[in-house]
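Below is one structure, written out as C-alpha cells; the observations come after it.
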Amino acid sequence: MTVPAGAGVTHLQFRRFAGCPICHLHLRSFATRHEEISAAGITEVVFFHSAASALQGYQALLPFAVVADPDRKVYREFGVDAHLRAVAHPRALLAAFRGYAKIVGRHDDPDNAGVGGGDGSTHLSLPADVLIVPDGTVVAVHYGRHADDQWTVDDLLDLNRSVAGKGSP
C-alpha cells in the first residue's frame with residue numbers, strides 16, 4: 001500500500017478502536033458503496049489505534065486497506081486527537097446506540113465479529129478524514145468534534161468532484 005495512491009486521490013480515515021459500533025456502521029456504509037468510491041478514483045485507507053490482532057474480526061471483511069496504529073504514530077502526524085467530547089455528545093451516544101442495536105442477536109454474523117467489544121484502547125478518540133492528491137498535498141481535512149462526526153460517502157464524493165474540478169488530482 002502506498003500513501004498517497006499513485007493515481008486519483010487517497011482518503012485517509014482515522015477511526016476509533018476495533019469494535020467501535022459507531023465506526024462499524026460508518027465503515028459498512030463505505031464498504032457498501034466501495035465500487036462507486038473506487039470508480040471515482042478514490043483509494044480508501046482506514047487507520048485504527050488498535051493492535052492488528054484486534055482488527056482481524058469484522059475488519060477483515062472490508063474491501064479496502066485497514067491499518068493498525070496502536071502507538072498512534074500516524075494519528076499524531078496528522079494531528080488526530082482524543083477528547084471526552086468524543087463520547088459525551090448526544091449524536092455520538094445515539095450513533096453508539098444504533099450501532100449496538102444493529103448487532104443485538106446477530107453476534108454469530110461474521111460481519112459483526114468484535115463489534116461492541118473493547119480492545120483496551122481509549123474510547124475517547126475523535127475521528128478524522130483527510131483527502132490527499134497523488135503529489136502528497138492534503139486538499140481537504142475534517143477533524144471530528146465527536147465520535148459520529150465524519151465524512152459520509154456523499155461528502156467524500158462531493159469533495160472529490162470539487163478537487164477534480166480544480167484540476168488537482
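Each value in this text was obtained by applying a stated rule to the coordinates, not by laboratory testing. The model shown is predicted, which means the values in this text are computed figures rather than measured ones. Neighbour counts run over all protein chains shown; Cβ positions are idealised from the backbone, glycine included.
Under 6 Å by Cβ, and 6 or more places apart or on different chains, what pairs join a residue from region 136-156 that is within 19 Å of V3 (Cα to Cα) with one that is in a loop (DSSP other than H, G, I, E, B) and among the polar types (S, T, N, Q)?
V139/S168
For region 12-43, give me each residue that is in a strand (DSSP E or B) and more than 9 Å from the chain's Cα centre (by Cα). Spell out the reasoning first.
Narrowing region 12-43 to residues in a strand (DSSP E or B): 12-14, 42-43.
Those that are in a strand (DSSP E or B) and more than 9 Å from the chain's Cα centre (by Cα): I42, T43.
Are any residues in region 45-58 farther than 17 Å from P127 by Cα and in contact with a helix residue (DSSP H, G or I) (Cβ under 9 Å, 6 or more places away or on another chain), and if so, which ones?
Listed by number, the residues that qualify are G57, Y58.
Please go through region 46-55 and pick out each residue that is touching a strand residue (DSSP E or B) at 6+ places or on another chain (Cβ under 7 Å) and surrounded by fewer than 21 Cβ atoms within 10 Å (Cβ to Cβ). Before the answer, list the steps.
Looking only at region 46-55, we keep the residues that are touching a strand residue (DSSP E or B) at 6+ places or on another chain (Cβ under 7 Å), and these are 46-52, 55.
Within region 46-55, V46, A51, A52 qualify.
Among the listed residues I42, I37, identify the single one that is more than 14 Å from P127 (Cα to Cα), surrounded by 18 or more Cβ atoms within 10 Å (Cβ to Cβ), touching a Gly at 6+ places or on another chain (Cβ under 8 Å) and aliphatic (A, V, I, L, M). Show your work before the answer.
Values: I37 fails: touching a Gly at 6+ places or on another chain (Cβ under 8 Å).
Just one listed residue meets the conditions, I42.
Pick from region 6-21 the residues that are hydrophobic (A, V, I, L, M, F, W, C) and under 21 Å from G79 (Cα atoms): which of them is surrounded by the fewest Cβ atoms within 10 Å (Cβ to Cβ)?
Of region 6-21, the ones hydrophobic (A, V, I, L, M, F, W, C) are 7, 9, 12, 14, 17-18, 20.
With the extra rule that they be under 21 Å from G79 (Cα atoms), the set shrinks to 9, 12, 14, 17-18, 20.
Details: V9: 24, L12: 23, F14: 27, F17: 21, A18: 29, C20: 28.
Checking each candidate, the answer is F17.
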